[in-house]
Structure formats: structure tokens, C-alpha cells
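Colleague: Okay, handing you the structure first.
Just so it is clear, none of the values below were taken in a lab; they were calculated from the coordinates. Small disclaimer: the values here were computed from a predicted structure and weren't measured. We place every Cβ from the backbone using ideal geometry, glycine too, and count neighbours over all the protein chains shown.
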């Protein structure tokens, strides 16, 4: 197994999301590697937790990265958050990302969970994706 591709994968995902005109048309530059602190935007995207498992085989080292991208909104209802979530999915599903280390074999949607954050008017959608990578 190799965890060596993790930073390259995260960087490529962030770059792909930040470069998408549909997504940035919805959230502007409010795409973060971690949840923002201080004055929080009314609508933002945050890269979240990641679980990694070995996916090495006879051809070499590899890993399966299960990661979360979150949409957080204080808008009334889920419509705006769902539009942002759809744009994220459109960018990432079957994406052909160029990594600075290793290579992306595939990127897939796994699941989503939409909910109100307890005791607040904040809505959150957690999108889970799976990336299969090889480390060269």
C-alpha cells in the first residue's frame, strides 16, 4: 500500500473544483481545504475526511481513497445546497485528474447525506466519493 498519492489527489480535487465555472458561479471562491473559521460565508464547499485502504495488486502499489466533500449553507431550504452538490458531482464523477504523483484510475460517487445541522438553520450535504489511485 502507498499513502503517497494522498496529497496529490487532494490538490487535484481542489484545483478541479476551483476551476469549474459552474461551481464558482454558485459559491465564488468559497471552496476550502478545511472548514473556514471566523466570519463564515453563507454558502461554502469544504474538503473533508478521508479513509484510505490498500488497493495494491500484482502491477504495483495502489490505494482506495474514500473522501467527503461538504456543502454548507444557511439558506432557507436545501435547493441552493443541492445545486452546489450537483455541480460538485458533475466535476468529480469520472473525472480525468492529472496528479503530481501517481495516477488516478477512477473517481466515483458513493453516497450523499443531506441534513439540517442540529439546533441551527444551517443545511449541510456531505458527498462521499471513492478514488482509486496507483503510485508509480
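Colleague: Taking the 0 to 90 degree range and rounding to the nearest ten, how far is the long axis of helix 79-92 tilted relative to the main principal axis of the chain, both from C-alpha atoms?
Modeller: Taking Cα atoms only, the helix is inclined about 20 degrees.
Colleague: What FRET efficiency comes out for residue 56 versus residue 111 if R0 is 25 angstrom and r is the Cβ-Cβ distance? Round to the nearest 0.05.
Modeller: 0.50
Colleague: So for 50, 134, fewest C-beta neighbours within 10 Å to most, what's the order?
Modeller: 50, 134
Colleague: Quick check on the stretch 4-80: what does the Kirkwood estimate of hydrodynamic radius come out to from the alpha carbon pairs, in Å?
Modeller: Details: mean 1/r = 0.0703 Å⁻¹.
Taking the inverse mean of 1/r over all distinct Cα pairs, the stretch 4-80 comes out at 14.2 Å.
Colleague: Output the relative contact order of the stretch 1-135, whole-number percent, from Cα pairs under 8 angstrom with separation of 6+ residues. Could you put the intermediate results ahead of the total?
Modeller: Values: 274 pairs, mean separation 37.5, N = 135.
Over the stretch 1-135, the number comes to 28 percent.
Colleague: Still on this structure: With label points built 7 Å along Cα→Cβ from the Cα atoms of residue 118 and residue 136, find their separation and express it in nm.
Modeller: 4.7
Colleague: Can you tell me how much longer the chain between residue 37 and residue 21 gets when fully stretched, taken as 0.36 nm per residue apart minus their C-alpha distance, in nm with one decimal?
Modeller: 3.3 nm
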